[in-house]
1. Among Trp125, Trp148, rank each residue by its count of other Cβ atoms within 10 Å, from fewest to most, as a rough exposure measure.
2. Report, in debye and to the nearest 20, how large the dipole of the stretch 38-208 comes out about its Cα centre when Lys and Arg carry +1 and Asp and Glu carry -1 on their Cβ.
3. Could you line up Val230, Val129 from fewest to most neighbouring Cβ atoms inside 10 Å?
4. With +1 on each Lys and Arg Cβ and -1 on each Asp and Glu Cβ, and nothing else charged, work out how big the dipole of the stretch 231-332 is about its Cα centre, in Debye to the nearest 20.
5. By counting other Cβ atoms within 10 Å of each Cβ, how are Ile74, Ile100, Ile107 ranked from fewest to most?
6. Using only the alpha-carbon atoms of the stretch 31-100 as identical scatterers, what base-10 log of I(q)/I(0) does the Debye formula give at q = 0.16, 0.29 Å⁻¹?
Amino acid sequence: MVVDRMVRRALTAALAALILFLGQSVSAREAAPTDTFATLVDAQGRIRFPPDFPADFVYIGAWAVAGGNGVADIHAVYARPSDVRHFRQSGAFPDGAVLIKEVTTTIGAPHTTGRAYWPDKPVTWFMMVKDVRTRFPGSPLWGDGWGWAQFDPADKTRQIAKNYKADCLGCHVPARANDLVYTYAYPALGPRAQANVPAKAAPAVQEGSGHRETRQVINVSAMPAATSPVADEVATAKGKLAFESSCIGCHSVSSGVQGTGPSLFGVAGRKAGSLPGYEFSPAMKSSDLSWTAENLDNHLKNTRNFIPDNRMGRFFPGVPDAQVRADIIKYLSTLH
Ligand code: HEC
Ligand code: HEC
């Protein structure tokens, strides 16, 4: 009898412990979204890259960004399952939701499906953290309902964005109606994500064969034209990004800071080779040019021959894509 009672008591205790345990794990799961502010954001609003990424995240969709003759970059976007569930139910991101965009270069080769591209090298990671409470009003990386961050490709623990208004917002304004997120590209978010699809969206399909009976050929001319009022802001932001991948290694944009190349602060309209404090080549000094948009375009197209014997031509072949040059020049014109 005594043994029987002891067993029963032990079982009851075990059951109670199990119920308590289940209860806790359920509430831990429910609490996950706001845990962001305990784990990935510190008291000053500094955002850190999830150390175990992609663990705990699910892939929600991707962009293939077209270059001159194929897919230049793949942008894969991730969120956490609890944030996805919340969005599917309510059509909005919960407080603490985390979105991560992983940008990689691509390589491609003919496959049995056609010319197929796959991710090659990481370029960078972008991260947005939903903040419905305006927690960090004084921080330049928090605003418009989000925290904004970008991470160094060489070291994911290094956050490199400085000011979301300059570094991010201009390019996200077209998605303002979707809380600044391009949700329609993320099938995992469900039907509510399909609001405000650009009117000019067109299939990137041209001719037959391959996996879908039609070979996927990116049709750049069918892409929406950049005629919106924010097009200028977008071009400047794109130019900044291109500048940071091609030029920043040699050129500072701060006044008076010389590197391998001269500071490009205030370069628009400046006489070539005239900046005090930088030792220009005789070729640059005697070129008798000023940096109009047209001359900048010619120099960036052909760094070797537009100004023969200048020193930049020895190091850097130039920017072949006319649109990228135009964006960089637009960005340079803002540096004053
Ligand atoms: C050159 C324009 C541009 C800049 C600059 C830019 N973004 Fe984006 N971002 C986009 C576009 C367009 C998309 C969706 C399409 C794509 O990736 O090609 C996107 C997608 C994202 C996504 C995936 C979720 C979404 O919004 O669709 C995140 C996260 C993101 N950006 C964060 C950032 C952060 C943080 C910054 C600043 C540090 C930033 N972006 C700067 C244009 C930009
Ligand atoms: C590998 C180093 C390097 C890279 C990369 C580079 N430049 Fe240069 N750049 C130089 C050097 C060196 C000079 C000085 C040339 C001379 O004196 O002959 C220069 C000069 C210039 C000038 C003339 C400035 C003046 O005051 O006359 C401009 C404009 C310029 N670069 C723009 C760019 C842009 C835009 C990019 C990116 C698309 C870029 N450069 C990439 C090294 C570089």
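1. Starting with the residue having the fewest Cβ neighbours, the order is Trp125, Trp148.
2. 300 debye
3. Final ranking by Cβ density, sparse to dense: Val230, Val129.
4. 220 debye
5. With the sparsest Cβ surroundings first, the list reads Ile107, Ile74, Ile100.
6. For the stretch 31-100, the Cα-only Debye profile gives -0.65, -1.30.
Where a number appears in this text, it was derived from the coordinates with a stated rule and is not lab data. Predicted model, so just to flag it, every value in this text is computed and none were measured. Cβ atoms come from the backbone with ideal geometry, glycine included; neighbour counts cover every protein chain shown.
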